Amino acid sequence: MRVLKLTSLLLAANFTSAIELDFENEESFVSAGRTIVEHIFTIYKGNETGEIPGLLPDPYYWWHAGLMFDSLINYWAVSGDEDLPDVLSQALLFQVGPDNNYMPPNQSKSLGNDDMAFWASAALTAAELGLPQSEDLSWLQLAENTFNSIALRWDTETCGGGLKWQIFSFNNGYNYKNSVSTLSFAQLGARLARFTGNTTYSDWADRSLTWLQEIGLFELPSGQASSETSNASNRIAIYDGTDDLTNCSEINHIEWTQNAGLLLSTSAYASNATGGTRTWSAYSFAGLVYANSFFAGSQGDDTGGIITEPACIPTENCNVDQIAFRTLLARGLARTRDLTLNSNYTSSDNGDSTTYERINWILMSSASAAAKSCTGGESGNVCGLDWTKDEFDGSEGIGEDLAALEVILGNLPRRQFATVNETGNATGNGNGTQGAGSNAGEGNGTETQTQGGENAASGRRFPTFALAAVMAGVVAVLL
């Protein structure tokens, strides 16, 4: 096995002290990211002789690695670290499986649709940010192949649709249809639609979010007070999942940051691609309202703006998966800002804060708090879990590192996310089919504003969701 060394990171590790952020100095954020990446590579050894590229040691799962490489690509794009491309490419290509769709046979005992989508997301991030690729297999083809494989599993035999969490019937979770599988698939569809211009992908994103609402996993305000006979929460909420053995009649109402983050990313890419149709913009803003009100507290609180995981961090019972979830919310917030920069929505009745300003407030507050947690370990710069404690809380690992890395990098100036016409990523000999399945919707929606600036994919239109036109007005007064 080829040994890929990280010379600059390993040398830097000998001299790096506690993380410090200077909001007037972009380099301090890159430096902070470098410090966190140094610690990540004390855990990930897949680039070393005798190790398996792309795999993390126990107790981490395969999906953690996909999430990690996505974040490392983000870091590479802002740092220009010359040691990383070979390491990242080696891992992304080693785990593709025999059909080039991120289904490696050795992961079958716990392979979920969401796991595949996280790896495909990393490949698509590589395409968007220009990570050098193989001549034989492009990043785009990997993302398309994976998307198509997941689309074939859309299950209408129960619950009117949706995706099972686990792929194989012998795995625990096979009968669980959950939000993260559906939203990670929807996000992949929105991103592929923007990247390629193929609206079949956007049809699937439409279908996915519509199904989540119809089944009761994604709730939007009803505009009326809840009654004893109503299940509506009268607020924005995304719930964990439901059992298809009961035809999805019973909902697991626990809420996680990862689902809010995936909603934000999905709607941000779609809104950018359309130039800001009313429906996609409303979904994007709904995601921000949800993140701000449920996961980041209020502006008047001592911990206001600091992202937490209400279901487990306050009670100190997060498992190894849940520790990593905030990574996706931090990433989703940054993507929303980067891809919908010119949004005219305001975040209060007084119109005193744009979505851009509100996102920056959350990212800045959370980054400052996260940096204060990064004082652990022998090095004095290992990141902790609970960002509200103003100190290292004793919890460390990949999930803690990735959440801190994404929220810190999220404070850097917006990045350019390319499309296929700008990258040439369609080359290679993969078997992507440019969007599987039938179209799920028709129509173009109504453009209400211009979004995305230089990141806009001109001329692309998404079909309108089954969302009332009044949604934008309802959401605009909630934050």
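In terms of packing, defined here as the mean over residues of other Cβ atoms within 10 angstrom, the peptides 41-51, 280-290, 237-247 line up highest first as 280-290, 237-247, 41-51.
Each residue of region 314-321 is assigned a 3J(HN,Hα), and the resulting list reads x, 9, 6, 10, 5, 8, 5, 6 Hz, derived from the Karplus form 6.51 cos²θ - 1.76 cosθ + 1.60 (θ = phi - 60°), x at Gly and Pro.
Among 359-370, 18-29, the peptide with the highest mean count of other Cβ atoms within 10 Å heads the list, and the full ranking is 359-370, 18-29. Counting Lys and Arg as +1 and Asp and Glu as -1 over every other residue whose Cβ lies under 12 Å from the Cβ of Leu262, the net charge comes to +2.
Bear in mind these aren't lab numbers, they're just calculated from the coordinates by the rules spelled out. Owing to the predicted nature of the structure, the values given are computational and were not obtained by experimental measurement. Backbone-built Cβ (ideal geometry, glycine too); neighbour counts: all protein chains shown.
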